[in-house]
Amino acid sequence: MTARIGVVTFPGSLDDRDTQRAIRVAGAEPVALWHKDKDLKQVDAVVLCGGFSYGDYLRAGAIARFSPVMEPLLEQAKAGLPVLGICNGFQILTEAHLLPGTMLRNDHLHFICRDQKLRVENAETAWTTDYSAGQEIHIPLKNNDGQYVADAYTLDKLEAEGRVAFRYLDFNPNGSQRDIAGVTNEAGNVVGLMPHPEHAVEPLIGTGRTDGLPFFTSILKKLVNA
């Protein structure tokens with residue numbers, strides 16, 4: 001049976017189609033979910049894609065966090081449903097308190113778009129098992145509110161528990177504390193990051209590499225072997 005991975009579209013989402021394509025390239029079936037949906041259509045995993053949900057009004061992700069689709073997502077994520085938040089999706093996950101910390105405006109106060117070098121810190125989450133810990137990858141990055149911050153206690157706890165999933169290398173593009181590019185929850189089923197792996201799944205687009213594809217093959221293997 002083909003794994004079904006939901007992709008949520010909010011008003012202002014702009015990477016939902018790219019995410020659906022990445023899921024197809026990996027060999028799974030993408031399922032379109034709308035922000036007003038009150039159920040998740042029995043999907044096996046969910047991706048909250050990038051964009052500017054609700055125009056980033058109030059605060060990036062703050063309004064989307066209260067969309068109807070988030071109610072079943074919160075419940076099922078806490079029960080173990082794999083969830084990946086990319087860029088705006090990461091912001092929504094922090095606003096929903098599925099992931100710790102929060103996102104602020106980039107420290108240089110400008111939108112940034114570049115190919116970003118990362119180091120994989122945790123290769124044991126539902127979304128990262130096709131990587132190796134310490135592996136260096138290149139993933140496109142584009143954000144305006146990408147500065148990851150948390151209090152010292154939370155940062156120390158994330159480090160001690162191995163919950164920093166990705167770290168920026170060579171250049172910190174937004175002032176994120178401790179160069180953190182992505183984190184995971186305690187169970188490893190919820191992961192959020194600012195860079196866009198869906199833009200690096202085919203050699204003809206994005207970075208010209210396929211460094212983002214293992215996100216989607218990792219979850220596919222987990223679901224098939226479950």
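The values are calculated or read from the model by the stated rules, or taken from the named source; none is laboratory data. What you see is a predicted model; the values in this text were computed from it and never measured. Counting neighbours? That spans all protein chains shown, and the Cβs are built from the backbone with ideal geometry, glycine included. Ligands, DNA and RNA are excluded from the accessible area calculation, which covers all protein heavy atoms including side chains. Shrake-Rupley method; radii C 1.70, N 1.55, O 1.52, S 1.80 Å.
Things worth noting here:
- Some residue of region 56-67 being in contact with a Lys or Arg (Cβ under 8 Å, 6 or more places away or on another chain) and not in a strand (DSSP E or B): yes
- Criterion violated by PRO82 - all others in (1) of a type outside the set (A, V, I, L, M, F, W, C); (2) in contact (Cβ under 8 Å) with a residue 60 or more places away in the chain; (3) touching a Pro at 6+ places or on another chain (Cβ under 7 Å) satisfied: (3)
- Tally of residues being in contact with a Pro (Cβ under 9 Å, 6 or more places away or on another chain) and farther than 16 Å from PRO197 by Cα across region 113-154: 2
Yes/no per residue for (1) touching a residue at least 24 places away in the same chain (Cβ under 8 Å); (2) in contact with a strand residue (DSSP E or B) (Cβ under 8 Å, 6 or more places away or on another chain); (3) surrounded by 15 or more Cβ atoms within 10 Å (Cβ to Cβ):
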site	(1), (2), (3)
HIS97	no, no, no
GLY101	yes, yes, yes
ARG105	yes, yes, yes
VAL120	yes, yes, yes
ALA123	no, no, yes
GLU136	yes, yes, no
ILE139	yes, yes, yes
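- Scope region 33-55; condition on the phi > 0 side of the Ramachandran plot and not in a strand (DSSP E or B); matching residues: LYS41, GLN42, TYR54, GLY55
- Residue ID - modelled with the lowest pLDDT, chosen from residues in region 1-26 that are open to solvent by 50 Å² or more (accessible area, probe 1.4 Å) and more than 21 Å from CYS87 (Cβ to Cβ): MET1
- Filtering region 193-214 for residues that are out of contact with any helix residue (DSSP H, G or I) (no Cβ under 9 Å at 6 or more places or on another chain), modelled with pLDDT of 95 or more and of a type in the set (D, E, K, R) leaves an empty set.
- For region 41-78, filtering for residues that are touching an Asp or Glu at 6+ places or on another chain (Cβ under 8 Å), closer than 23 Å to ARG105 by Cβ and open to solvent by less than 20 Å² (accessible area, probe 1.4 Å) leaves 7.
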